[in-house]
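Everything below concerns the one structure shown next.
Every number here is computed from the coordinates shown, using simple stated rules; none is lab data. Quick caveat, the model's predicted, so the values are computed rather than measured. Cβ placement follows ideal geometry from the backbone for every residue including glycine, while neighbour counts extend to all protein chains displayed.
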C-alpha cells in the first residue's frame, strides 16, 4: 500500500471509529507501528487529524480542506457518474469555468472530444490535466492553496472578473437547507463566487454525503445555480428549496 493510500485508509477508519490507536491501525492495515506513527505525525502537521497519546482522532471534516491526494480517490465511482452527467450540458464552442475540485476534474476526460472549447480554471492539477487533454486552457493565476490544490486570492478574483463564460462547474464542501452551499475556506469561496457571477449558467456537482452538512464559509450562490447534479434522491424540503430558486436537480 502506498503512503497516500495508507493515510486515506486511516481517515476512513477514523470516520468509522472517531478515534483509533497506533496498535489498532497497525493490525488493521498490516503495517508496522513505527510507520503508522510517522503517518499520524504527518497527518497531524497537515491539520487533518489530532494526535493523542497512543493514537489519533479525526477533526470535523466540514471545516477542513483535506489534501487533494486524500480527496482524489474518495467516492470515485460517484464522482465519475456526476461528471458524466455534467458533460452532457457542454456543447461545442462554449467557454467554461472549472473549479479545482476533485469532482469537477473528472469532467475533463468526458469533454475532451468537444470542439473549440475554452476552459478557465484556478485548479492547479485541473490545468495540467486540461493541457494533457489538449484543451484550450487559461489558468487564473494567484496564490497557491496547497490543501485545495487551487489558486486563490485577490489576483485570482481580479483575473476571473475579466471573463464572461457560458458554464461554471463547481463542487462544494457541504450543502444545507438553512445555510445553502458552504466551503471550508473563505479564499476558495471567494473565487467560486466570482466565477458564478461571471457565468451564464452554474452547475453544482455534489454527492449525497455533502447534503445536510455545514462548513465554515457560506457561498451565497443558490440564487445563481441552474443545476445541481447529485446521487441523492431530491424530495421533500430539498425539492422545495431547489424549486424556490428555479434550480433543476439531476440525479444520477
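Helix 33-45 and the long axis of the chain differ in direction by around 40°, with both axes built from C-alpha atoms. Among 14, 135, 204, the largest mean-square fluctuation in a Gaussian network model of the chain, built with springs joining Cα atoms closer than 10 Å, belongs to 14.
DSSP beta bridges confined to the chain are antiparallel in about 40 percent of cases. Against the chain, whose longest principal axis comes from its Cα atoms, helix 3-17 is set at around 80 degrees. Projected label points at residue 164 and residue 19, each 7 Å from Cα along the beta carbon direction, are separated by 5.8 nanometres.
Packing here is the average count of other Cβ atoms within 10 Å per residue, and on that basis the peptides 233-239, 52-58, highest first, run 52-58, 233-239.
Divide the volume of the convex hull around the Cα atoms of the chain by the residue count and you get 123 Å³ per residue.
The C-alpha atoms of the chain define a longest principal axis, and helix 76-87 lies at about 10 degrees to it. For segment 70-251, the relative contact order comes to 18 percent (Cα pairs under 8 Å, sequence separation of at least 6).
Dimensions of segment 3-59 based on its C-alpha atoms, expressed as ranges along the principal axes with the largest first, amount to 24, 23, 20 Å.
Pull out a ≥ b ≥ c, the square roots of the eigenvalues of the alpha-carbon gyration tensor of segment 81-185, then state rounded if a/c is under 1.5, prolate if not and a/b is larger than b/c, and oblate in the remaining case.
oblate
Size descriptors for segment 126-185, from the alpha-carbon set: Rg then Dmax equal 13.7, 41 Å. Cα centroid separation, segment 197-252 to segment 128-192: 17 Å. Among 103, 230, 251, the order by Cβ neighbours within 10 angstrom, fewest to most, reads 251, 230, 103.
Residues considered: 112, 148, 171. Largest GNM mean-square fluctuation over the chain, using C-alpha springs under 10 Å, is found at 112. Taking the chain as a Gaussian network of alpha-carbon nodes connected by springs under 10 Å, the highest mean-square fluctuation of the residues 163, 227, 30 belongs to 30. The simple spin-label model puts a point 7 Å past each Cα toward its Cβ; for residue 33 and residue 51 those points are separated by 1.6 nm.
Round to the nearest 0.05 the FRET efficiency obtained for residue 92 and residue 9 when R0 = 45 Å and r is the Cβ-Cβ distance.
In this case the efficiency is close to 0.60.
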